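Here the structure comes first, spelled out in structure tokens, and everything after it is commentary.
The values are calculated or read from the model by the stated rules, or taken from the named source; none is laboratory data. Remember, it's a predicted structure, so these values are computed and weren't measured experimentally. Please note: Cβ atoms are built from the backbone with ideal geometry, for glycine as well, and neighbour counts cover all protein chains shown.
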Amino acid sequence: MEKTQTFIFHKEDDLLCVLPLFHIYSLNSVLLCGLCAWLAIVIMMKFVLMKLMELVEKYRVTVAPFVPPIVVEMLKSEAVDTYDLSSLRMVMSGAVPMGKELQDMLTGCLR
């Protein structure tokens, strides 16, 4: 996973939508941007960590807009090592800043 200040969607990206669509971050940054870029979008009805990791592995999701609590839960879970999350090339963070320490921990986890 590459750290970057800007993001660019690629036509081959698969986008995971785990956040509620009634929130502006999910609606604009995930659904509408994904649709405008003609991306495949995997929509979760509700957040369940194991299901999230299963979908990333199954659909080879490349872009995942998260919020810090999701990242924290992933990092605390021992199950994260049982899934192939190597397809993720970009994790976006919204709502609140993720912080450098959390970013570094996530980057290490996804290698």
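Couple of notes before you dig in:
- Within the set Asp84, Asp14, the sole residue that is among the acidic types (Asp, Glu), under 12 Å from the mean Cα position of the chain (by Cα) and at pLDDT 90 or above turns out to be Asp14.
- Residues in the range 33-85 that are in a loop (DSSP other than H, G, I, E, B), in contact (Cβ under 8 Å) with a residue 40 or more places away in the chain and under 18 Å from Asp13 (Cβ atoms): Arg60, Val61, Thr62.
- Residue under evaluation Ile43, criteria (1) at pLDDT 95 or above; (2) over 13 Å from the mean Cα position of the chain (by Cα), criterion not met: (2)
Results for (1) among the acidic types (Asp, Glu); (2) within 12 Å of Val91 (Cα to Cα), shown as yes or no for each residue.
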| position | (1), (2) |
| --- | --- |
| Lys11 | no, no |
| Leu15 | no, yes |
| Phe22 | no, no |
| Ala37 | no, no |
| Leu52 | no, no |
| Arg60 | no, no |
| Val67 | no, yes |
| Glu73 | yes, no |
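- Single residue of the range 97-111 satisfying the filter (under 13 Å from Val72 (Cβ atoms) and modelled with pLDDT of 90 or more) that is surrounded by the most Cβ atoms within 10 Å (Cβ to Cβ): Leu106
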